[in-house]
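Q: One structure coming up, written as structure tokens, with questions to follow.
The values are calculated or read from the model by the stated rules, or taken from the named source; none is laboratory data. Just so it is clear, the structure is predicted and the values come from calculations on it, not from any experiment. Note that each Cβ is placed from the backbone with ideal geometry, even for glycine, and that neighbours are counted across all protein chains shown.
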Amino acid sequence: MPFKQYSIGIDIGGTNIKSVLFNGEKTVMDYSLGTPKDSLEHLIIMILALIEPLAKKAEEDKVKIKGIGLGVPGIADPYGAKVIDAPNLPLLNGIKLAEILEQRINLPVKMDNDTECFLRAEATFGAAAKFKNIYGITVGTGIGGAWWINGNIYYGAHGFSEPGRMIVDFKEQVNLESAYQKLTQNNPLNLAMENYRGDELARRSFDEVGRFLGLACANIINLLDPEAIIFGGGVMASADLFLPELKKTIDEKVVKTSGKTKILKSKLGLEAGAIGAALLIN
């Protein structure tokens, strides 16, 4: 049965922008480019450059594009109108990005936090689809979080969930994201390569990353009791380097009950955030 409408999903990351043309069930086409950090106008030009080949594909398929969803790397207001704080892409701070794009293209645009988009996709089509109470964490340039309960993202009173701001070292008052960026020297890919080459310092750094992530997860589990915590983001290609220590820390710190929170990895991979953004339009 032919699809009558497509949607476009765009996941703006601190390093790359990923876009998909989505038919409501699967990706028809995807495209990605590096994230410019020098100016807002350059970023908008790059987003428009991502949209162009997807729009051409929809035209070739003779399918209408219903709208565009945006996942942004930071806190958006509860109505998705404005980016409040994007620590790893500060040029977006205070920007009504969806409104600006709507003025450039003749399509409706909706916006949400990138991790909320990731979790929406995984809870709908991915590894967490059979669960109703799920916490999602993305590990990439930074660390993001979101909570899915009974079929919807829980936005709280002010529209955000940021496990990266959780204090994991009380002696030094260090939060999770700061600890992660210090341990990986803001280059987790390079640290992973050093680890795989047998570097002992790199191995210990990833053990510490796992321990700090495990402490954050243990706090989330003790507070929210989710059925599952699902991880995504670019660093998940190296998940084997930190997941053992993460799981060990959770086992040590979580209250023992009759059930156990499952630790999952993304099924949709690097497309998850863009798919979840496209789902904003459905």
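Q: In this structure, does residue 201 turn out to be touching a Gly at 6+ places or on another chain (Cβ under 9 Å), part of a helix (DSSP H, G or I) and surrounded by fewer than 17 Cβ atoms within 10 Å (Cβ to Cβ)? Before you say what the answer is, go through the steps one by one.
A: On the way: touching a Gly at 6+ places or on another chain (Cβ under 9 Å): no; part of a helix (DSSP H, G or I): yes; surrounded by fewer than 17 Cβ atoms within 10 Å (Cβ to Cβ): yes.
It is false that residue 201 is touching a Gly at 6+ places or on another chain (Cβ under 9 Å), part of a helix (DSSP H, G or I) and surrounded by fewer than 17 Cβ atoms within 10 Å (Cβ to Cβ).
Q: Within the stretch 222-237, is even one residue crowded, with 20+ Cβ neighbours inside 10 Å, over 22 Å from the mean Cα position of the chain (by Cα) and either modelled with pLDDT under 95 or part of a helix (DSSP H, G or I) (or both)?
A: Checked the stretch 222-237: no residue is crowded, with 20+ Cβ neighbours inside 10 Å, over 22 Å from the mean Cα position of the chain (by Cα) and either modelled with pLDDT under 95 or part of a helix (DSSP H, G or I) (or both).
Q: Right, something else. Taking residue 6 as the residue in question, decide whether it is part of a strand (DSSP E or B), free of Cβ contacts under 8 Å to residues at least 40 places away in the same chain and in contact with a Leu (Cβ under 8 Å, 6 or more places away or on another chain). Walk me through how you get there before you give the answer.
A: Working: part of a strand (DSSP E or B): yes; free of Cβ contacts under 8 Å to residues at least 40 places away in the same chain: no; in contact with a Leu (Cβ under 8 Å, 6 or more places away or on another chain): yes.
For residue 6, the condition - part of a strand (DSSP E or B), free of Cβ contacts under 8 Å to residues at least 40 places away in the same chain and in contact with a Leu (Cβ under 8 Å, 6 or more places away or on another chain) - is not met.
Q: One residue is enough: does the stretch 88-100 have a residue meeting the conditions part of a strand (DSSP E or B) and either in the same structural domain as residue 249 (by TED's automatic domain parsing) or under 25 Å from residue 217 (Cβ atoms) (or both)?
A: no
Q: Out of everything in the stretch 169-188 that is modelled with pLDDT of 90 or more and of a type outside the set (S, T, N, Q), what residue ends up being surrounded by the fewest Cβ atoms within 10 Å (Cβ to Cβ)?
A: Out of the qualifying residues, it is 182.
Q: For residues that are part of a loop (DSSP other than H, G, I, E, B) and either among the aromatic types (Phe, Trp, Tyr) or at pLDDT below 95 (or both), scanning just the stretch 109-138, find the one that is farthest from the chain's Cα centre (by Cα).
A: Only one residue fits best here, namely 131.
Q: Continuing with this model, one more query. If I filter the stretch 1-35 down to residues being out of contact with any strand residue (DSSP E or B) (no Cβ under 9 Å at 6 or more places or on another chain) and of a type outside the set (A, V, I, L, M, F, W, C), which single residue comes out as farthest from residue 112 (Cα to Cα)?
A: Among those that are out of contact with any strand residue (DSSP E or B) (no Cβ under 9 Å at 6 or more places or on another chain) and of a type outside the set (A, V, I, L, M, F, W, C), it is 2.
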